[in-house]
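A short write-up of the structure that comes next.
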Amino acid sequence: MADVRGILTRRLDSAWKRGEPSALLADWAERIAALRAVSADVAEAAEGYAVGIAGADDAAAIQTVRNAALSRENGAFTEALALGPSLSVDEKRVLGKGLNLGKALIEAVEKAKREALERSKEDANALDVTLPGRRPFVGRPHVLAQVRDELLDLFHGLGFSVYTSPEVELDTYNFGKLNFAPDHPARDAHDTYFVNPDVVLRTHTSPGWVRAMEERKPPLRLVFPGRVYRAEAVDASHMDQFHQMDGLYVGKNVSMADLKATLNTFARAIYRRDVPTRIIPIYFPFVEPGVQMDVQCATCKGTGRYKDESGERRCPVCKGTKWVEVLGAGMVHPNVFRAVGYDPEEVTGFAFGMGLERITMGRHGIHEIRQFLENDTRFLSQF
Ligand SMILES: [Zn+2]
């Protein structure tokens with residue numbers, strides 16, 4: 001008789017991982033026993049292939065084992081079936097029945113194994129509610145924009161509206177109509193970026209007052225946020241572009257007392273406490289009188305001295321003066337009113353201007369102004 005056992009087991013590979021077909025098929029024991037009763041040779045071979053399929057790690061490994069047994073070209077079962085013509089009628093009947101049972105058994109194990117692999121893949125993708133969530137990256141407003149928006153909220157609450165004007169500005173709006181003398185040093189090319197002799201990059205947001213007053217009749221209550229430019233040497237506390245916010249209030253009988261009340265409201269809101277302030281006289285061409293508002297230095301708490309692990313020294317923020325300049329302000333100069341066609345006998349007004357970088361640095365203890373423009377998210381994400 002032909003070597004049925006040899007043909008059926010020839011393609012078993014000892015390199016296959018071995019699995020447990022009884023874990024895949026509930027009726028494995030009965031089916032393999034039924035097969036043994038028909039043909040011990042076929043049962044032994046079928047078990048070998050079933051063990052290989054059960055041990056496969058993926059679909060490709062399953063396919064390899066399955067093909068070794070059942071491939072139509074050279075599968076072991078196909079080759080055994082080809083023995084038929086050389087066998088007796090009885091032998092052929094027994095072998096045929098055994099091969100059919102064995103093939104069905106291998107296919108059942110294969111199907112169960114493929115389903116088991118699918119299930120474990122789904123399990124791996126399943127939502128594990130005990131894992132911490134993954135937070136998506138969400139941007140945020142730049143710290144200067146946060147401070148600007150906070151100031152806009154504050155002044156909006158005091159009845160001020162926003163007015164924006166060009167960053168590339170006529171010299172006459174940036175200087176002339178704001179009462180700068182023709183030979184004022186700010187007009188020097190060392191301080192101002194000139195586009196041409198009549199056009200500059202605005203050096204402050206105050207040109208917005210002129211444009212607003214030329215467009216509108218009093219009363220006016222406006223704030224002017226925006227970027228300004230100075231031809232400065234860049235260092236830790238100077239940039240050649242920065243941000244200001246001016247404010248302007250023009251009407252009948254607007255007084256210095258209104259200015260002081262407005263500035264104190266501002267200081268309390270922005271520094272979030274009842275911070276001591278002082279107002280001292282200072283010269284600006286476009287206001288008369290002009291003042292500077294200082295707040296008590298937050299770093300040294302108004303002592304002028306600063307202590308840390310390296311000892312006590314002069315406060316580096318206020319340079320020992322106990323005060324930090326916050327903004328410039330004053331009553332609008334009559335010449336500015338005349339330049340825009342307002343009658344200084346009829347209306348009065350106050351104005352103020354502040355640097356957003358200065359306020360932001362003071363609030364957050366930032367000592368390096370260039371960080372605002374470096375786009376370093378390690379810096380920006382702190383705010
Ligand atoms: Zn100080």
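Every read-out reported here was derived from the displayed coordinates using simple, explicitly stated rules and does not represent laboratory data. Note that the structure is predicted; figures quoted are calculated from it, not measured. A quick note on method: Cβ atoms are made from the backbone with ideal geometry, for glycine too, and the neighbour counts reach across all protein chains shown.
Please identify the trypsin sites (Lys or Arg not before Pro) of the stretch 242-302 that satisfy two criteria: DSSP loop assignment and at most 13 other Cβ atoms within 10 Å. Which are they? Mind showing how you got there, number by number?
Working: sites: Lys252, Lys260, Arg268, Arg272, Arg273, Arg278, Lys301; in loops: Lys252, Arg272, Arg273, Lys301.
Sites meeting the loop and neighbour criteria: Lys252, Arg272, Arg273, Lys301.
Using the Kirkwood radius built from alpha carbon pairs, what does the Stokes-Einstein equation give as D for the stretch 47-131 at 4 °C and 1.567 mPa s, in µm² per second? Write out the running numbers ahead of the final one.
Details: Rh = 14.6 Å.
Estimated via Stokes-Einstein, D reaches 89 µm²/s.
Please compute the net charge surrounding Glu368, taking Lys and Arg as +1 and Asp and Glu as -1 over other residues with Cβ under 10 Å from its Cβ.
Details: positive: Arg370; negative: Asp235, Glu374.
So the environment of Glu368 carries a net charge of -1.
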Next on the checklist: Please list, in order, the residues from the stretch 212-249 whose amide nitrogen is less than 20 Å from a point placed 7 Å along the Cα→Cβ vector of Asp188.
Outcome noted: 229-235, 238-241
Item to check | Choice from Val210, Val109, Val234 with maximal GNM fluctuation in the chain (Cα, 10 Å cutoff) | outcome: Val109
Item to check | Gaussian network model of the chain, Cα within-10 Å springs - most flexible of Gly84, Gly247, Gly302 | outcome: Gly84
Next on the checklist: List the residues, sorted by chain then number, that are 5 or more residues from Trp323 or on another chain and whose placed amide H is less than 5 Å from its amide H.
Outcome noted: Cys297
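For the chain, what D do you get in µm² per second when you plug the Kirkwood radius from alpha-carbon pairs into Stokes-Einstein at 20 °C and 1.002 mPa s?
76 µm²/s
Provide, as a two-decimal number, the C-alpha radius of gyration of the stretch 219-341 over 2.2 N^0.38 Å, N being how many residues it has.
Numbers: Rg = 17.2 Å, N = 123, 2.2 N^0.38 = 13.7 Å.
With N residues counted in the stretch 219-341, Rg over 2.2 N^0.38 Å equals 1.26.
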Next on the checklist: Given axes a ≥ b ≥ c from the Cα gyration tensor, I'd like to know whether the stretch 186-265 is rounded (a/c under 1.5), prolate (a/b larger than b/c) or oblate.
Outcome noted: oblate
Item to check | Quarter of Cα convex hull surface for the stretch 2-78, i.e. mean projection, nm² | outcome: 5.2 nm²
Item to check | Residue among Gly19, Gly349, Gly328 with the largest mean-square fluctuation in a Gaussian network model of the chain, springs linking Cα atoms under 10 Å | outcome: Gly19
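Kindly state, to the nearest 0.05, the FRET efficiency for Asn74 paired with Arg135, given R0 = 56 Å and r defined as their beta-carbon distance. Before the final figure, lay out each step's value.
Details: r = 56 Å, r/R0 = 1.00.
E between Asn74 and Arg135, to the nearest 0.05, is 0.50.
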